[in-house]
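Following: one structure in structure tokens, then a few remarks.
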Amino acid sequence: MHKILVEVYNPASNNSYDVFIPLKSPVYEVVYLLSTTISELSQGHYIATEQTILCDRVTGIVFDINKTIEELGLKNGSKLMLL
């Protein structure tokens, strides 16, 4: 399984996390995994909800949850934001 290393910033916890994500996974799976993991790591500063979104940290573009990471064109070193 091919994976890429991305940086995920979470403003609620004011932390960034380096995470490997699989290229073939749809965004909705990645959002679920990231939100539950960051919720645990943030010690209550961030609480995962069904409205959680993943977006590009530089442009602010919200990713389509039905596309795969590969379809979005994300690469190693991409900077993302989990809201």
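The numbers here are math on the coordinates, done by the rules we state, and not lab data. This is a predicted model, so every value here is computed, not measured. Backbone-built Cβ (ideal geometry, glycine too); neighbour counts: all protein chains shown.
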| Which angle from 0 to 90°, rounded to the nearest 10, does the C-alpha axis of helix 27-41 make with the longest principal axis of the chain? | 30 degrees
| query | Viscosity 0.890 mPa s, temperature 25 °C: Stokes-Einstein D of the chain from its Kirkwood Cα radius, in µm² per second? | reply | 195 µm²/s
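So for segment 3-82: antiparallel DSSP bridges make up what percent, rounded to the nearest 5?
On the way: 13 of 16 bridges.
Looking only at bridges with both residues in segment 3-82, the antiparallel portion is about 80 percent.
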| What is the fewest-to-most order of D56, D18 by other Cβ atoms lying within 10 Å of their Cβ? | D18, D56
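When the helices in the chain are scored as -39500 (n - 2.57) per DSSP H run of 4 or longer and the sum is shared across all residues, what 222 nm value do you end up with, to the nearest 500 deg cm²/dmol?
Values: 2 runs with 19 residues, N = 83.
So the calculated ellipticity at 222 nm is -6500 deg cm²/dmol.
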| said: For segment 1-66, which trypsin sites (Lys or Arg not before Pro) pass both filters: DSSP loop (anything but H, G, I, E, B) and at most 14 other C-beta atoms within 10 Å? | reply: K24
| task | Give, as ranges by residue number, the residues of segment 15-48 whose backbone N falls under 14 Å from the point 7 Å along Cα→Cβ of I65. | result | 26-36, 48
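Please get the size of the charge dipole for segment 3-82, origin at its Cα centre, with Cβ charges of +1 on Lys and Arg and -1 on Asp and Glu, quoted in debye to the nearest 20. If you can, show how the numbers build up before the last one.
Numbers: 6 positive and 9 negative charges, 35 e Å.
Dipole of segment 3-82, to the nearest 20 debye: 180 debye.
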